[in-house]
Structure formats: C-alpha cells, structure tokens
Amino acid sequence: MGAKERNLLTNAFDSNWIAPLGPHVDKFEYEMAEYLGVKHTAALSSGSSALHLALIIAGIKEGDKVLCPSLTFAATANAIMYQKAQPIFLDSNPDTWVVCFNALEKAIKKHKPKAFIPVDLYGQSCDYDAIMTLCNQHNVIVIEDAAEALGADYKDKKCGSFGEMGILSFNGNKIITTSGGGMLASNNEEHIKKAQFLSTQAREPLVHYEHKELGYNYRMSNLLAAVGRGQLEVIEDRVSARRSIFNRYEKAFSRIDGFTFMQKADYGKSNRWLTTLTVDEKITRISRTQIINALEKDDIEARPVWKPMHLQPYYKGYEYVMAVDEDVSKKLFYDGLCLPSGSSLSEIDQNRIIDIILNCVDE
Ligand SMILES: Cc1ncc(COP(=O)(O)O)c(C=O)c1O
C-alpha cells in the first residue's frame, strides 16, 4: 500500500460513506471498466462471489454441465458446486499450462456443456480467439476467470474482458488488492445490473424491504473501493515489478538443465503474477519439494503449483478430460514450483532466494 491508497481511504473515511455503497464504489467500477476496455463492471466482495453471480446470471442450474480446467484454485470449481451444477475438468497445455484446447474440444463434443470457465493461470491468458470461436459454434457460455491475470493481455486486449462475463479478484495475494474483493465485468449492461441487484440481497427498489428472489451479501464496501482505486493507479508498476522478478529468476537459472519455466504464450503478455517452473528431478537430482524445504529453512515460503481439482478428495468421481493419454496437470502439480513473486520483493531478497536454490542444485 502507498500514499495514493492512504489518501483515498482517508477521503472515504472522512466522508462517512463506509458501506455498503458510496461514491468510491461507482468510481472504482468506472475506472476498472475503462482499464479493461469493457462497458460495465460490478464491484463485489470477492472473486469467488463474482464467479458465483456470473454462473447465476448465465442461468446455470442444478445438473447443468460446466467445464473448467483442473489446474486452478478451488474457487473456480466451487462456484459450479454452489449452483449444484456438474463440473467437468479439463487437462492443461504442457507448455503454457492453461487449458488444453484439444481437451476442451473433446469435452464440448461429448458433454454439450452449458458453460465453460477458462482460467488465466498464474497471469497467463488463454487463447480467446480459438476458445470463443469454438464455444460460439456450440452455444457454450464463456465466463473468464481472470482472478490472477489483472494487467495481463491477450493480443491487444486486457484479460478480464473476454467471454460473456469476466471476473477479477483483489484478494490479499493478488496483483492489486483491497484486502478482499472482486469484480464482475461485461459488455452486457443487464448482466451487471443483475449482479449489483443480487449482491445487495436482491432488494426491490421500494421503501420497505421486498424480495422476489434469492439474494446475497456480495457487494464491495466504499472503504475497500477507495483502496482499490489507489491500487489501480499503480497497477502498471506492480505488473512491471512482477515481470522483472520473473526475468531475474529466469536469467539466474538459465544454466540449470531440468528447470523449465511456464512458457509464455505467443498470443499474449502475462502479468507474471507468480513465477512458476517445473523441476525435472531426473535431471536436477533434486526435487521441487527439496527446494521448498531448503527455502523454508531460511524462513522463505515457496509452494507447489495448484493441486488439480480431479486429484482433490472433494472432487473425486467427477469427469476429467485429457487430450491424450498423458495427465499433464498432474505432472505439473508433481514437478511444479511457485517462487516468491510479491511486487515488493527486493533484489536483495531475490538474490537470497536465487543463492539458496543454486546451492541446492549444485550440492
Ligand atoms: C483462479 C482463481 N479464481 C478465483 C479466485 C477467487 O478469488 P477470491 O479469493 O477473491 O474469492 C482465485 C483466488 O483467490 C483464483 O486464483
């Protein structure tokens, strides 16, 4: 957090517009819509609530089939369960790690799903031209999960602006944060009006409290929107900090056979939310878990990549579609490592991390 966020937050505080709404919410929505290049947005309490509302607005109901990649954070799949719909998980592309297009095509033909949630994994965009063409042909509604990808591009457009609706997260670990928060974006005004309505308990515009449908307490507060506006002003700095952290890791480890960074897709520009790579133990003779443990000894936190949904006990029994006979997302989970990547990570700290890892590999 910096001075811009502090000033806007103080302004919200002094105005006594605290919650649920207020002028900063309207302005944050407007500014984010401008940034994304979409017509409308709704500021919400989390990325998870944005996903949930997107599915409701898309008309997803009990038993409907909804596709999403297996390699994602649980929030993507959980939203499908909130609607009692049926998730079908898709394998990943071995190079870019985002959803495998062939698995998507296979699943659409076999299952005729109602919706698909592509995830811009670790800040890397999916291939939206190909996805939209295929999904439009088969009447599949696309909801872009860009929770990790604010600031990333697909061709010359911002992630979060694709499909029928897109969602963002401003959770504490995201590239910009409001401590907790999220947003729904769309060019369809009706969708966003509906989200604003449902997220304030579906209260009818009457003097008394009248409710004709089920609502939720999912709106963002004015205080947090003020913080979000300050963060949005510095987004380009945050993105370039993450990208230079990635570049330094990549350069430092370029001589190590067996380290493979998540490959940049040629159609877009990742925000490098997290620097991720796989460690081929057969070549390095050291596992990614040993690297995590070596960092841990020095009080540095690194993590495995997301554990795919089809390997999660809660999602046991749900279908998983692979393009070929090789389970790519499982392999990425076993070998994948997320390195410390916070925008405020100093060069000194990054050097410590690099030295520890180089020592591990050289031992
Ligand atoms: C891919 C993905 N989708 C959805 C979410 C949910 O966002 P939130 O934590 O704001 O609910 C997250 C992160 O937290 C995420 O990484």
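All conditions in (1) outside the structural domain of ILE131 (by TED's automatic domain parsing); (2) within 16 Å of the ligand (Cβ to nearest atom); (3) in a strand (DSSP E or B) hold for MET183, with the sole exception of (1). When PHE73, PHE28 are screened for being within 22 Å of ALA115 (Cβ to Cβ) and of a type in the set (Phe, Trp, Tyr), only PHE73 passes.
Against the list (1) outside the structural domain of ASP14 (by TED's automatic domain parsing); (2) touching a helix residue (DSSP H, G or I) at 6+ places or on another chain (Cβ under 7 Å), the condition ARG242 fails is (2).
What residue, of ALA42, ALA12, is in contact with a helix residue (DSSP H, G or I) (Cβ under 6 Å, 6 or more places away or on another chain), closer than 16 Å to GLY166 by Cβ and surrounded by 22 or more Cβ atoms within 10 Å (Cβ to Cβ)? Unique residue meeting the criteria: ALA42.
Considering ILE117, ILE131, the condition of being at pLDDT 95 or above, in contact with a Cys (Cβ under 9 Å, 6 or more places away or on another chain) and either outside the structural domain of SER46 (by TED's automatic domain parsing) or under 22 Å from GLU319 (Cβ atoms) (or both) is satisfied by ILE117 alone.
So ALA74 passes all but one of these: (1) aliphatic (A, V, I, L, M); (2) within 11 Å of the ligand (Cβ to nearest atom); (3) buried (at least 23 other Cβ atoms within 10 Å of the Cβ). Which condition number does it fail? With respect to (1) aliphatic (A, V, I, L, M); (2) within 11 Å of the ligand (Cβ to nearest atom); (3) buried (at least 23 other Cβ atoms within 10 Å of the Cβ), ALA74 is out only on (3). The requirement of being among the β-branched types (Val, Ile, Thr) and under 30 Å from LYS106 (Cβ atoms) is fulfilled somewhere in the stretch 59-67, by at least one residue. Tell me, yes or no, whether the stretch 92-102 has at least one residue that is part of a loop (DSSP other than H, G, I, E, B) and in contact with a strand residue (DSSP E or B) (Cβ under 6 Å, 6 or more places away or on another chain). Yes: one or more hits. Here the stretch 105-130 is the region considered, the condition is being in a helix (DSSP H, G or I) and surrounded by 22 or more Cβ atoms within 10 Å (Cβ to Cβ), and the residue that is nearest to the ligand (Cβ to nearest atom) is LEU121.
The values are calculated or read from the model by the stated rules, or taken from the named source; none is laboratory data. It should be emphasised that the depicted structure is a prediction, and the values quoted were computed from it without experimental measurement. Positions of Cβ are generated from backbone atoms using ideal geometry, with glycine treated the same way; all protein chains shown enter the neighbour counts.
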